[in-house]
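**Q** Please see the structure below; I have some questions.
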Amino acid sequence: MYLKTLKLSLFPLIISLISLSVLWGASGLESPDHRTMVCAHRGDVRAAPENTIPAIRSALEKGAHQIEFDLQLTKDGNLVLMHDATLKRTTGREGKVGDLTLSEIKELDAGAWFGEEFKGTRIPTFEEILEVIPRTVLCNCHLKGGAAVGAAAAKVVKEMDRLDHCFLAATTEQAKAGKEVCPEIMICNMSRQAGPHTTYSDQTIELGCEFIQLLGSKENLNETVAKLHEAGVRVNFFHGNNEEDIRTLQNAGVDYILTDELDLCLELLSEPQP
């Protein structure tokens, strides 16, 4: 009886230890062997409409280590997933997210444009997406808008207790607002992204950001990645959609490759490096 009671009392501890092992081992949060991992850009966009729950679920099922999605504020201050400045391309509705309330946004069809089988798919809220994504997968929350979206996103992350696996891909203005709400929130610096890697990297290190998202140029990439790693910054790169680019980014030691070609990227990065 004593042994049975002891086993039952140890069960929560065992589960906690297993969870931590998953979280900091083979998950998208940390790679002990510094292998390059995969970020599904707007979810699995070849399988389902971007920035929707079906696209996120597909990316999770296939094994994405990080998922990038875009956040905007509705007229009544709710965060929803939408990339474009207007609603037209993915819903057929004229106007912007900020022109409509959440209830009005929820009436829109965000899936029919992609395929008949996705007809009736709704634009999800930030909270709905966080309920879908487990803590073992990083959330790359790309903010669209001004300081208000930074504050709102940080509030949701804090209230839902998701500080361990969510970071804000933010401008300095958005990041400052987010930090005022929640000083512990992780930041991916998105300011100066289009400039030279050296300037962008130096600013990111100076700001103490946890992530950077390098863009486009691969000039001096190996040296840049090494410098950022030395400073404790994890490196995202946008983007890798073909074998040549994916291999180049892998060889440079990039931490996460943002990709629209999730199947290809996962397949290539699962192979042993030559």
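The values are calculated or read from the model by the stated rules, or taken from the named source; none is laboratory data. A quick note: this is a predicted structure, and the numbers were derived from the prediction, not measured. Here the Cβ positions follow ideal geometry from the backbone for every residue, glycine too, while neighbour counts run over all protein chains shown.
**Q** Quick check: anything in segment 61-74 touching a residue at least 24 places away in the same chain (Cβ under 8 Å), among the charged types (D, E, K, R) and over 24 Å from residue 213 (Cα atoms)?
**A** no
**Q** Tell me, please, whether a residue that is over 30 Å from residue 264 (Cα atoms), surrounded by 16 or more Cβ atoms within 10 Å (Cβ to Cβ) and within 23 Å of the chain's Cα centre (by Cα) can be found in segment 78-94.
**A** Yes, some residue in segment 78-94 is over 30 Å from residue 264 (Cα atoms), surrounded by 16 or more Cβ atoms within 10 Å (Cβ to Cβ) and within 23 Å of the chain's Cα centre (by Cα).
**Q** Considering only residues that are acidic (Asp, Glu) and in contact with a Leu (Cβ under 7 Å, 6 or more places away or on another chain), look in segment 31-88 and name the one that is nearest to residue 126 (Cα to Cα).
**A** 70
**Q** Sort out which residues of segment 218-274 are farther than 14 Å from residue 35 by Cβ, among the aliphatic types (A, V, I, L, M) and crowded, with 19+ Cβ neighbours inside 10 Å, and write them in order of number.
**A** 221, 228, 233, 258, 262
**Q** A further question follows. Tell me whether segment 113-136 contains one or more residues that are under 22 Å from residue 239 (Cβ atoms), among the polar types (S, T, N, Q) and touching a residue at least 40 places away in the same chain (Cβ under 8 Å).
**A** No, the conditions are met nowhere in segment 113-136.
**Q** Can you name the strands (runs of 3 or more DSSP E) wholly within segment 101-200 that have at least 1 residues being over 23 Å from residue 54 (Cα atoms) and touching a Leu at 6+ places or on another chain (Cβ under 8 Å)?
**A** Ranges flagged: 166-170, 186-189.
**Q** Still on this model: Do the conditions hold for residue 225, that is, is it in a strand (DSSP E or B), over 23 Å from residue 58 (Cα atoms), β-branched (Val, Ile, Thr) and touching a helix residue (DSSP H, G or I) at 6+ places or on another chain (Cβ under 7 Å)?
**A** Against the criterion (in a strand (DSSP E or B), over 23 Å from residue 58 (Cα atoms), β-branched (Val, Ile, Thr) and touching a helix residue (DSSP H, G or I) at 6+ places or on another chain (Cβ under 7 Å)), residue 225 does not qualify.
**Q** Would you confirm whether any residue within segment 201-212 is of a type in the set (S, T, N, Q), part of a helix (DSSP H, G or I) and closer than 19 Å to residue 166 by Cα?
**A** yes
**Q** If you don't mind, another one. Output the qualifying pairs, or none if there are none: Cβ atoms under 6 angstrom, residues six or more apart or on different chains, first residue in segment 237-264 and on the phi < 0 side of the Ramachandran plot and in a helix (DSSP H, G or I), second residue at pLDDT 95 or above and of a type in the set (A, V, I, L, M).
**A** Hits for this filter: 246/268; 249/257; 252/221; 252/225; 262/40.
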